1. So, in Å, what gap is there between the alpha-carbon centers of the range 148-216 and the range 92-130?
2. By the gyration tensor of its Cα atoms, with a ≥ b ≥ c the square roots of the eigenvalues, what is the shape of the range 183-269: rounded for a/c under 1.5, prolate for a/b over b/c, or oblate?
3. With Cβ to Cβ distances under 15 Å as the rule, what net charge do the other residues near Ala225 carry (K, R +1; D, E -1)?
4. Of Asp229, Asp204, Asp32, which has the largest mean-square fluctuation in a 10 Å C-alpha GNM of the chain?
5. Considering only Glu245, Glu19, Glu211, give the residue with the highest GNM mean-square fluctuation for the chain, with springs between Cα atoms whenever their separation is below 10 Å.
6. Under 10 Å, Cα contacts only: if you run a Gaussian network model on the chain, which one of Gly115, Gly232, Gly187 comes out with the highest mean-square fluctuation?
7. Place +1 on the Cβ of every Lys and Arg and -1 on the Cβ of every Asp and Glu in the range 73-180, take the dipole about the Cα centre, and give the residue among Thr175, Ala114, Pro158 whose Cα lies farthest towards its positive end.
8. Give the relative contact order (percent, whole number) for the range 160-303; include only Cα pairs under 8 Å separated by 6+ residues.
Amino acid sequence: MLFPCSDDWLHAVAALPPEARHAFPSPIATPDVVATLTRKDLFARAAALYDVPHPRTTEVRCSDDLARVSDHELSSSFLKPSDSQAFSRRFRTKGFRVADRDQAGELLRGATAAGLGLVLQEFIPADPSAHIFLDGFVDRDGRIRGLLARQRLRMFPPGLGNSTDSVTVPLAGVTPAIDALRRLFRGLGYRGLFDAEFVRDDRDGVFRVIEVNARPWWQLELAAAAGLDLVGMAYDDALGRAVREAAGYRIGARWINPIQDVRSRLAHEAIAIAPLCRRDPWLRARHAAFRWNDPAPGFAELS
């Protein structure tokens, strides 16, 4: 079982001097590329530079920045951190929906007092299933050696939460998102594992990139369950070995975060969950943080 690492770890490894990188090889991008992908303000600039569709994003450092935003733009946006993980540790959420200008100013002052930067990003209303994730690996020569598409089925908390149920889907249905991601990686000179989130905007049918995780993520083992050995690719690349192109992956493989998915079902359906049958994909999926032969992480999550 592989848990996601923190962005702090990612920055620390990327910044290692050459002699340390030689002693402890790792298939990770350069520090400037890591910073671009982990900071939402820098990421928005890179998306614009490399023609990658992206929700409208405005940097807000002070009340004057908010004053320049129209009421319409404010009401259709949410405040999002530049540094997601530090923000989540402090506020236990991915972002703040904004009710009015006074609330936006109060939230901005609170984040600034905590030493955290914010951006105001357009909120694209969409069902959880409109979110598509491209997971894979780019080798030291800049070639995507493995690529998988998965679709979010449910999330928690609603609106600004994390996936609780995901399923692998064909690449053929998300070609525009793949092309955009290739442009971004070529422009940045990216190397390493990646998890890129896109949302299909129903207003124009365009796939807009939300973020790109440049580190291991919760659903990484879904790739292995679908027959795509991304971890093996990263290991071979770190040691300077040849990385073979993946032949493909199994469509319909499922990953579920059980406790959060139960909460998601109850929040959306507001009814008791029906009994599960033997063939229910919920039981046959890979489950996050739980294994019968190693139950401790599952009990920790439950607590």
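1. Between the Cα centres of the range 148-216 and the range 92-130 lies a distance of 21 Å.
2. On the way: a/c = 2.19, a/b = 1.37, b/c = 1.60.
Judged from the Cα gyration tensor, the range 183-269 comes out oblate (a/c at least 1.5, b/c at or above a/b).
3. Numbers: positive: Arg150, Arg250, Arg254, Arg284, Arg286, Arg291; negative: Asp135, Asp165, Glu221, Asp229.
With Lys, Arg at +1 and Asp, Glu at -1, the net is +2.
4. Of Asp229, Asp204, Asp32, the Gaussian network model singles out Asp204 as fluctuating most.
5. Result: Glu19 has the largest fluctuation of those listed.
6. In the Gaussian network model the winner is Gly115.
7. Ala114
8. Normalised by residue count, the contact order of the range 160-303 is 25 percent.
The values are calculated or read from the model by the stated rules, or taken from the named source; none is laboratory data. Since we're looking at a predicted model, the values are computed, not measured. A quick note on method: Cβ atoms are made from the backbone with ideal geometry, for glycine too, and the neighbour counts reach across all protein chains shown. Keep in mind that these areas ignore ligands, DNA and RNA; they rest on the heavy atoms of the full protein, side chains included. Shrake-Rupley method; radii C 1.70, N 1.55, O 1.52, S 1.80 Å.
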